[in-house]
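In what follows, a single structure is set out as structure tokens and then discussed.
The values are calculated or read from the model by the stated rules, or taken from the named source; none is laboratory data. Worth saying up front: this structure is predicted, and the values here are computed from it rather than measured. Here the Cβ is made from the backbone with ideal geometry for all residues, glycine too, and neighbour counts use every protein chain on show.
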Amino acid sequence: MSVPVERIDQFVPGFAPFDAIGSHVLELRRLLRARGFPSDIWGEHIDPRVGADARPYRECPPRSEGRVLLYQLSTGSPMAAWLAEAAAAGQPVWANYHNITPARYFARWEPEAAASMVTARQEMAALAPVAARALAVSGYNETELIAAGYPSTATAPLLVDLDRYHDDPDPAVLARLQRRRDGGGATWLFVGRIAPNKCQHHLIGALALYRRFHDPRARLTLVGGVTSPRYLHSLRRLSAQLGVTDAVEILDGLPTPALLAHFATADVFVCMSEHEGFCVPVLEAFELGVPVVAYRAAALPETVADAGVLLDSKDPLEVADAVAGLLADEARRAGLVKAGRARASAYALPVTSARTIEVIEGWLEGGGPGPLPA
């Protein structure tokens with residue numbers, strides 16, 4: 001760049017507390033400021049609870065010498081066109097890609113949401129010719145950037161402060177869940193938005209067979225905000241049809257202390273999602289000592305690596321048998337818990353922060369970052 005970079009501002013379509021992208025944005029701002037780069041956050045939809053940390057992007061001057069505009073790319077937004085215009089006018093624009101869910105998952109359930117995903121993919125492609133650099137939070141995401149035509153890409157994992165998962169769990173929730181656990185039966189846990197790509201229906205089907213053949217008292221807890229009300233309705237109907245309504249608990253997004261209570265009383269974290277750009281809840285399970293069984297799809301093999309059980313099939317009986325085999329083998333379970341904690345340490349905030357700075361400073365110095373450590 002002909003003008004030295006003096007500041008790096010972030011632009012995010014939706015900025016909310018306790019959200020993986022929102023937390024990443026805040027950590028990145030802290031990191032940039034610590035390295036001497038002034039950095040502000042500009043948003044389109046700003047949750048009032050974090051209103052003091054961001055300003056409406058329309059109030060931001062589109063042109064400023066010595067500044068990089070870093071776009072947190074994850075959904076459709078008029079912000080993308082605004083940034084493209086700024087780039088065309090000579091303002092350096094970078095992208096930080098968190099992945100966009102393919103529209104096919106929502107077409108049946110939420111057509112409007114599916115249409116917005118199509119638009120988001122179009123905006124992503126339109127930014128490719130003008131974005132000087134593009135950072136992906138996983139290798140899986142980087143392959144999408146390359147396929148879309150982004151000329152200079154790199155991978156640096158999502159910035160997640162895993163230490164905050166060692167706060168005290170909510171005592172009332174913990175006591176309730178412990179009483180339930182004392183009554184017997186394994187607890188399956190999955191954390192993720194109620195959305196078709198997360199495939200919670202496969203979890204319900206597998207649990208029904210697990211209860212039939214292995215553990216009649218087993219239960220499943222699904223935690224996550226609702227992206228598709230129609231899909232949520234179908235999950236409730238499926239639970240009733242399979243006779244497991246009383247064994248399936250579906251909870252909206254929880255405060256961290258309540259979520260920690262659920263992790264503390266879970267026997268296994270089971271993920272049958274077909275599309276994840278990273279999957280932070282898997283790291284949470286690793287960090288908190290809950291073994292993971294996951295479907296081998298999208299970025300999950302990269303995030304899980306050899307620290308969990310990766311399945312090539314979502315046949316409900318195979319999933320049920322895989323969970324049963326894991327929970328019946330205490331030595332194997334302990335080995336996976338140990339491997340999971342080691343895997344989580346590879347994503348500890350000091351590690352991921354160092355990688356992010358390596359990429360950014362490499363770009364600013366005119367070179368490129370080295371390969372991502374294994």
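Give me the residue from region 1-11 that is in a loop (DSSP other than H, G, I, E, B) and of a type outside the set (D, E, K, R) and, out of that set, surrounded by the fewest Cβ atoms within 10 Å (Cβ to Cβ). Before the answer, list the steps.
Keep residues of region 1-11 that are in a loop (DSSP other than H, G, I, E, B), which gives 1-6.
From the residues that got through so far, the ones that are of a type outside the set (D, E, K, R) too are 1-5.
Details: Met1: 11, Ser2: 4, Val3: 10, Pro4: 8, Val5: 15.
For region 1-11, the residue satisfying everything is Ser2.
Looking across region 278-289, the residues that are surrounded by fewer than 24 Cβ atoms within 10 Å (Cβ to Cβ) and either aliphatic (A, V, I, L, M) or in a loop (DSSP other than H, G, I, E, B) (or both) come down to Val280, Leu288, Gly289. Residues that are surrounded by fewer than 21 Cβ atoms within 10 Å (Cβ to Cβ) and either charged (D, E, K, R) or part of a loop (DSSP other than H, G, I, E, B) (or both) were ranked within region 189-218; the one that is nearest to the chain's Cα centre (by Cα) is Arg193. Scan region 100-110 and give yes if some residue there is touching a helix residue (DSSP H, G or I) at 6+ places or on another chain (Cβ under 7 Å), closer than 29 Å to Cys199 by Cα and part of a helix (DSSP H, G or I), otherwise no. Yes; the residues of region 100-110 include at least one that is touching a helix residue (DSSP H, G or I) at 6+ places or on another chain (Cβ under 7 Å), closer than 29 Å to Cys199 by Cα and part of a helix (DSSP H, G or I). Of all residues in region 12-65, which are of a type in the set (Ser, Thr, Tyr), modelled with pLDDT under 95 and part of a helix (DSSP H, G or I)? If the condition is that a residue be of a type in the set (Ser, Thr, Tyr), modelled with pLDDT under 95 and part of a helix (DSSP H, G or I), then Ser23 is the only one that fits.
Quick check on my filter: what residues within region 243-268 are under 15 Å from Ala172 (Cβ atoms) and either in contact (Cβ under 8 Å) with a residue 60 or more places away in the chain or part of a loop (DSSP other than H, G, I, E, B) (or both)?
Let us first name the residues in region 243-268 that are under 15 Å from Ala172 (Cβ atoms), namely 251, 254-262, 264-265.
If the condition is that a residue be under 15 Å from Ala172 (Cβ atoms) and either in contact (Cβ under 8 Å) with a residue 60 or more places away in the chain or part of a loop (DSSP other than H, G, I, E, B) (or both), then Leu254, Pro255, Thr256, Pro257, Ala258, Leu259, Leu260, Ala261, His262, Ala264, Thr265 are the ones that fit.
Confirm whether Ala298 is assigned to a loop (DSSP other than H, G, I, E, B), of a type in the set (A, V, I, L, M) and either modelled with pLDDT under 95 or touching a helix residue (DSSP H, G or I) at 6+ places or on another chain (Cβ under 9 Å) (or both). Considered against the rule, which asks whether it is assigned to a loop (DSSP other than H, G, I, E, B), of a type in the set (A, V, I, L, M) and either modelled with pLDDT under 95 or touching a helix residue (DSSP H, G or I) at 6+ places or on another chain (Cβ under 9 Å) (or both), Ala298 comes out as yes. The condition of being assigned by TED's automatic domain parsing to the domain that holds Leu222, in contact with a Lys or Arg (Cβ under 7 Å, 6 or more places away or on another chain) and surrounded by fewer than 22 Cβ atoms within 10 Å (Cβ to Cβ) does not hold for Leu317.
With respect to Arg164, is the statement that it is in a helix (DSSP H, G or I), surrounded by fewer than 21 Cβ atoms within 10 Å (Cβ to Cβ) and at pLDDT below 95 true? So Arg164 passes the test. Taking the stated definitions as given, is Ser228 buried (at least 17 other Cβ atoms within 10 Å of the Cβ), modelled with pLDDT of 95 or more, at negative phi and touching a Gly at 6+ places or on another chain (Cβ under 9 Å)? It is false that Ser228 is buried (at least 17 other Cβ atoms within 10 Å of the Cβ), modelled with pLDDT of 95 or more, at negative phi and touching a Gly at 6+ places or on another chain (Cβ under 9 Å).
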